[in-house]
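Reviewing the structure listed below.
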Amino acid sequence: MNKNPRVRVAGILVKEGKLLLIQHKKNGKEYWLLPGGGVDFGETMQKALKREFIEETNLNIRVNDLLFISEAIDPNGEKHIINFFFEVEYSSGILKLSKEKRLVDLKYIDINKIDNIVMYPNIKKELIDYFKNNDKNIKYIGNIWE
């Protein structure tokens with residue numbers, strides 16, 4: 001078991017008041033995530049996020065402001081993930097879901113409807129606040145293991 005935290009980056013991409021999310025299926029559970037993934041050794045967070053966006057969505061993006069930081073620490077001590085959430089903007093490409101088995105759907109979801117979905121990490125409140133107030137101050141959300 002790796003005892004080092006895993007660094008994960010995710011992008012907040014908005015189009016016409018809707019947020020781009022990817023639906024995952026793992027261990028019989030379906031849930032939504034912001035596009036993104038793990039940072040490889042020697043890779044900057046920006047490069048990792050651009051790579052993950054291309055892999056998962058077929059979109060090229062520009063990485064803008066860092067908005068949120070959260071942690072997900074497993075109470076059993078098996079995982080520790082540090083999440084960095086960036087505002088991103090579309091650069092080029094045609095939206096297309098990756099062929100990865102665990103990825104089920106990819107779509108823009110109205111920000112007013114995200115309360116009705118299962119999302120990990122659960123930063124729905126922070127996203128809604130960001131949309132309403134356009135507050136770009138970096139926020140440390142804390143440990144949000146679910």
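The values are calculated or read from the model by the stated rules, or taken from the named source; none is laboratory data. If you're wondering where the values come from, they're calculated on a predicted model, not measured in any experiment. Positions of Cβ are generated from backbone atoms using ideal geometry, with glycine treated the same way; all protein chains shown enter the neighbour counts.
Being closer than 15 Å to residue 22 by Cα and surrounded by 15 or more Cβ atoms within 10 Å (Cβ to Cβ), is that true of even one residue in the range 92-102?
Checked the range 92-102: at least one residue is closer than 15 Å to residue 22 by Cα and surrounded by 15 or more Cβ atoms within 10 Å (Cβ to Cβ).
Which residue pairs have Cβ atoms closer than 8 Å, lie 6 or more positions apart in sequence or on different chains, and pair a first residue in the range 1-29 that is exposed (fewer than 13 other Cβ atoms within 10 Å of the Cβ) with a second residue that is among the basic types (Lys, Arg)?
Taking only residues 6 or more apart or on different chains, the pairs are 26/102.
Within the group 85, 41, which residue is buried (at least 17 other Cβ atoms within 10 Å of the Cβ) and either aromatic (Phe, Trp, Tyr) or free of Cβ contacts under 8 Å to residues at least 24 places away in the same chain (or both)?
That would be 85, the only listed residue that is buried (at least 17 other Cβ atoms within 10 Å of the Cβ) and either aromatic (Phe, Trp, Tyr) or free of Cβ contacts under 8 Å to residues at least 24 places away in the same chain (or both).
Considering the range 98-146 alone, what residues qualify as being in contact with a helix residue (DSSP H, G or I) (Cβ under 7 Å, 6 or more places away or on another chain) and either closer than 20 Å to residue 29 by Cα or of a type in the set (Asp, Glu) (or both)? So that I can check it myself, show each step before the final result.
Let us first name the residues in the range 98-146 that are in contact with a helix residue (DSSP H, G or I) (Cβ under 7 Å, 6 or more places away or on another chain), namely 98, 103, 106, 111, 114-115, 124, 127-128, 131, 135, 139, 141.
Those that are in contact with a helix residue (DSSP H, G or I) (Cβ under 7 Å, 6 or more places away or on another chain) and either closer than 20 Å to residue 29 by Cα or of a type in the set (Asp, Glu) (or both): 98, 103, 106, 114, 115, 124, 135.
Could you list, in sequence order, the residues of the range 3-35 that are small (Gly, Ala, Ser) and within 11 Å of the chain's Cα centre (by Cα)?
Within the range 3-35, 10, 11 meet the criteria.
Taking the condition of being of a type outside the set (Gly, Ala, Ser), outside any loop (DSSP other than H, G, I, E, B) and surrounded by fewer than 16 Cβ atoms within 10 Å (Cβ to Cβ), how many residues in the range 116-146 meet it? Walk me through how you get there before you give the answer.
Step one: of the range 116-146, the residues of a type outside the set (Gly, Ala, Ser) are 116-141, 143-146.
Now restrict to residues that are outside any loop (DSSP other than H, G, I, E, B): 116, 119, 124-133, 139-141, 143.
Those still in the list that are surrounded by fewer than 16 Cβ atoms within 10 Å (Cβ to Cβ) too: 116, 125, 128-129, 132-133, 140, 143.
So the answer is 8.
If I filter the range 1-52 down to residues being among the polar types (S, T, N, Q) and over 18 Å from residue 68 (Cα atoms), which single residue comes out as modelled with the lowest pLDDT? If you could, list the steps in order and put the result at the bottom.
Restricting attention to the range 1-52, the residues satisfying the condition of being among the polar types (S, T, N, Q) are 2, 4, 23, 27, 44, 46.
Now restrict to residues that are over 18 Å from residue 68 (Cα atoms): 2, 4, 23, 27.
Values: 2: 68, 4: 90, 23: 97, 27: 87.
Among those that are among the polar types (S, T, N, Q) and over 18 Å from residue 68 (Cα atoms), it is 2.
List the strands (runs of 3 or more DSSP E) inside the range 60-115, counting only whole elements, that have at least 3 residues being of a type in the set (Val, Ile, Thr).
By residue number, 60-73, 80-92.
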